[in-house]
Amino acid sequence: MDHGDTLFWLSVLIQRRYAQICAELDLTPTQATLLCAIRNEPKRMTYLATSLGMTKNALSQLVDRTERRDLVNRVSSEQDRRVVMLGVTPAGKVLAEAVFAETATRLPDIAVGLSADDQRALARVAALVVDAAGLPPST
């Protein structure tokens, strides 16, 4: 298997585990990612569209669906009332924290068959890849 194939299958493993966690919490993976992105503070809608790799229209539709579940709310920025910010509701915060905790706990299980040294190496390389990609992007 070449490098591209390996990364493809690693992506499948990660996405499958994440989807499983999200389904157990009655969320789509995209809803869960949105909640986790704003769990600590409201973010600008334009920032979210860029950082989540979505069009503004797709993000608005996602927000509409998630808002109907009372998990997020739109608020005006205190600095500029024209700017729309997205924050979590108390129910959204609870779910976001659950997704984050479950993911942090259960996602490393994909490497359970590796030696302790290989698990540390994977964690180190994953951190380097995320850092090099500039994730999470700065506000």
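The values are calculated or read from the model by the stated rules, or taken from the named source; none is laboratory data. Because the structure is a prediction, the values reported are computed rather than measured. Virtual Cβ from ideal backbone geometry, glycine too; neighbours counted across all protein chains shown.
For segment 52-77, a tally of residues being in contact (Cβ under 8 Å) with a residue 12 or more places away in the chain, hydroxyl-bearing (S, T, Y) and surrounded by fewer than 17 Cβ atoms within 10 Å (Cβ to Cβ) returns 2. Only one entry in E78, E102 is out of contact with any strand residue (DSSP E or B) (no Cβ under 8 Å at 6 or more places or on another chain), of a type in the set (D, E, K, R) and at pLDDT below 95, namely E78.
Do we find a residue being within 18 Å of A104 (Cβ to Cβ), acidic (D, E) and either in a helix (DSSP H, G or I) or without any contact (Cβ under 8 Å) to a residue 40 or more places away in the chain (or both) anywhere in segment 1-20? The answer is no, given that none of the residues of segment 1-20 is within 18 Å of A104 (Cβ to Cβ), acidic (D, E) and either in a helix (DSSP H, G or I) or without any contact (Cβ under 8 Å) to a residue 40 or more places away in the chain (or both). Taking (1) over 17 Å from the mean Cα position of the chain (by Cα); (2) surrounded by fewer than 11 Cβ atoms within 10 Å (Cβ to Cβ); (3) part of a helix (DSSP H, G or I) in turn, D80 satisfies each apart from (3).
Given the criteria of a type outside the set (G, A, S), over 22 Å from P29 (Cβ atoms) and touching a helix residue (DSSP H, G or I) at 6+ places or on another chain (Cβ under 7 Å), does V84 qualify? Taking the combined requirement at face value, the residue satisfies it.
Taking the criterion of being within 18 Å of T28 (Cα to Cα) and part of a loop (DSSP other than H, G, I, E, B), the residues of segment 56-77 that qualify are R69, D70, L71.
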